[in-house]
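Before any comments, here is the structure.
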Amino acid sequence: MEQTISHGCGCAHKAEKPSEILSDEHRVIERVLSGLEQLTKMPIAASLEHWRKALDFFRHFADQCHHFKEESVLFPALEAHGIPCEGGPVGMMLQEHEEGRDHVRSMIAAVELLEAGDVAAQNSLLNHARAYSTLLREHIQKEDDILFRMADEVIPEDEQREILKRFEAHEAEEMGPGAHEKYLKIALELEGATG
């Protein structure tokens, strides 16, 4: 049974599986990663506003919305169905989420230093941006190609529908109305500014 859910691609989507929602969100995240990669090739002083928007997207959409759904809903369901966390693929994904958060925090700190006139922070910003992009692109591929396929196989259909409902509740309660539209707009703005 399909359920309509509003999610990260900024549109209503007929979803049967949580993996479909998360994969669609990955496509939006990849668009902003492409913008970030282009920002690393542009003069930083003239593009700080774009950096701030990209970092807002990664902090709120990629982490508080997308990663929250994985960490609080999907990953525990995987563990409940025999996919180990410690020493397994779920544990690796959690570790990479933390590594990504460290890069985002470092980029935010570098942007703040640059805004205060500390040009030495430019190298930190660029290094963390490149490392974050590489990490997240590889991470997304592992989730799409391995972890989400496992989820589709081991989580029963009725439980997948419950997970979809929990995703929708999280979005309504934690992200609030209009959040996805805001972050899709940021993705479009960055594409336009850096494309």
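For the stretch 153-170, which positions are in a helix (DSSP H, G or I) and under 17 Å from S72 (Cα atoms)? Outline the logic, then answer.
Here is the first cut: in the stretch 153-170, the residues in a helix (DSSP H, G or I) are 153-154, 157-170.
Matches in the stretch 153-170: E159, Q160, R161, E162, I163, L164, K165, R166, F167, E168, A169, H170.
Working only within the stretch 173-190, note down all residues that are open to solvent by less than 70 Å² (accessible area, probe 1.4 Å) and assigned to a helix (DSSP H, G or I).
Start the filter on the stretch 173-190 by keeping residues that are open to solvent by less than 70 Å² (accessible area, probe 1.4 Å), which leaves 175-176, 178-180, 183-184, 186-187, 189-190.
M175, A179, H180, Y183, L184, I186, A187, E189, L190 - these are the residues of the stretch 173-190 that are open to solvent by less than 70 Å² (accessible area, probe 1.4 Å) and assigned to a helix (DSSP H, G or I).
Restricting attention to the stretch 158-172, the residues that are touching a residue at least 12 places away in the same chain (Cβ under 8 Å) and open to solvent by 50 Å² or more (accessible area, probe 1.4 Å) total 5. Can you confirm whether M107 is within 13 Å of the chain's Cα centre (by Cα) and at pLDDT 95 or above? So M107 does not fit the description; no.
Restricted to the stretch 61-94, and to residues there that are outside any loop (DSSP other than H, G, I, E, B) and more than 17 Å from I21 (Cβ to Cβ), the residue that is modelled with the lowest pLDDT is P89. Scanning the stretch 145-157 for residues that are open to solvent by 90 Å² or more (accessible area, probe 1.4 Å) and either over 15 Å from L22 (Cα atoms) or in contact with a strand residue (DSSP E or B) (Cβ under 7 Å, 6 or more places away or on another chain) (or both) returns E153, E157.
Among the residues of the stretch 49-88, just one is exposed (fewer than 15 other Cβ atoms within 10 Å of the Cβ) and among the hydrophobic types (A, V, I, L, M, F, W, C), namely A80. Open to solvent by less than 50 Å² (accessible area, probe 1.4 Å), touching a Leu at 6+ places or on another chain (Cβ under 6 Å), modelled with pLDDT of 95 or more and part of a helix (DSSP H, G or I): does that describe A131? Taking the combined requirement at face value, the residue does not satisfy it.
Of all the criteria given as (1) of a type in the set (V, I, T); (2) open to solvent by less than 60 Å² (accessible area, probe 1.4 Å); (3) modelled with pLDDT under 95, the one not satisfied by I29 is (3).
Scanning the stretch 41-65 for residues that are over 30 Å from L94 (Cβ atoms) and of a type in the set (S, T, N, Q) yields one hit, S47. As for the stretch 160-180, it holds at least one residue that is within 15 Å of the chain's Cα centre (by Cα) and among the aliphatic types (A, V, I, L, M).
The values are calculated or read from the model by the stated rules, or taken from the named source; none is laboratory data. Everything quoted here is computed from the prediction, not taken from an experiment. A quick note on method: Cβ atoms are made from the backbone with ideal geometry, for glycine too, and the neighbour counts reach across all protein chains shown. Just so you know, the surface numbers come from the protein's heavy atoms only, side chains and all, with ligands and any DNA or RNA stripped out. Shrake-Rupley method; radii C 1.70, N 1.55, O 1.52, S 1.80 Å.
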